[in-house]
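Shown next, in structure tokens, is the structure this report addresses.
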Amino acid sequence: MNRLICLMAATTIIAVAACKTQQHSNPVAPASPAAAPVPSVATPRITMVHVEQRFVVIDFSTQAMPAIGQRLSVYRADKRVGEVQLTEPVRARFATADILAGEVRVGDEVR
């Protein structure tokens with residue numbers, strides 16, 4: 001139940017952020033060369049980490065969602081940093097996964 005609440009909260013935050021960015025009619029100034037690079041969205045990414053309960057929320061909007069129970073590796077800068085296993089609940093493009101090994105962070109790639 002706690003995972004469902006966290007998943008719903010994450011989905012709501014993303015939806016509100018999307019609505020907020022569309023309300024601005026002023027163009028945004030281009031980022032300076034010193035700005036951090038924006039991660040690629042070509043692979044699924046971790047969008048939320050719940051350290052105490054050892055689970056994450058993964059955004060699969062860029063590819064088909066794997067089956068529940070499947071184990072996936074987590075990468076940061078092309079280095080394997082952990083492993084997760086998909087669990088319920090699954091909502092639209094978001095899925096939860098238990099952290100099996102490693103230390104994962106928001107933004108890490110899931111393959």
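The values are calculated or read from the model by the stated rules, or taken from the named source; none is laboratory data. Please read all numbers here as calculations on a predicted model, not as lab measurements. FYI the Cβ positions are ideal-geometry reconstructions off the backbone, even for glycines, and counts take in every protein chain you see.
Annotations
Okay, residues lined up against (1) over 11 Å from Arg111 (Cα atoms); (2) among the polar types (S, T, N, Q); (3) touching a helix residue (DSSP H, G or I) at 6+ places or on another chain (Cβ under 9 Å); (4) touching a residue at least 24 places away in the same chain (Cβ under 8 Å):
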{"residue": "Asp59", "(1), (2), (3), (4)": "yes, no, yes, yes"}
{"residue": "Thr62", "(1), (2), (3), (4)": "yes, yes, no, no"}
{"residue": "Val74", "(1), (2), (3), (4)": "no, no, no, yes"}
{"residue": "Arg80", "(1), (2), (3), (4)": "no, no, no, no"}
{"residue": "Glu83", "(1), (2), (3), (4)": "no, no, no, no"}
{"residue": "Ala92", "(1), (2), (3), (4)": "yes, no, yes, yes"}
{"residue": "Asp98", "(1), (2), (3), (4)": "yes, no, no, yes"}
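- Cβ-Cβ contacts under 9 Å between residues 6 or more apart (or on different chains), taken from a first residue in segment 33-52 that is of a type in the set (A, V, I, L, M, F, W, C) to a second residue that is modelled with pLDDT of 95 or more and surrounded by fewer than 17 Cβ atoms within 10 Å (Cβ to Cβ), are listed as Ile46/Arg105; Ile46/Val106; Ile46/Gly107; Met48/Val106; Val49/Arg105; Val49/Val106.
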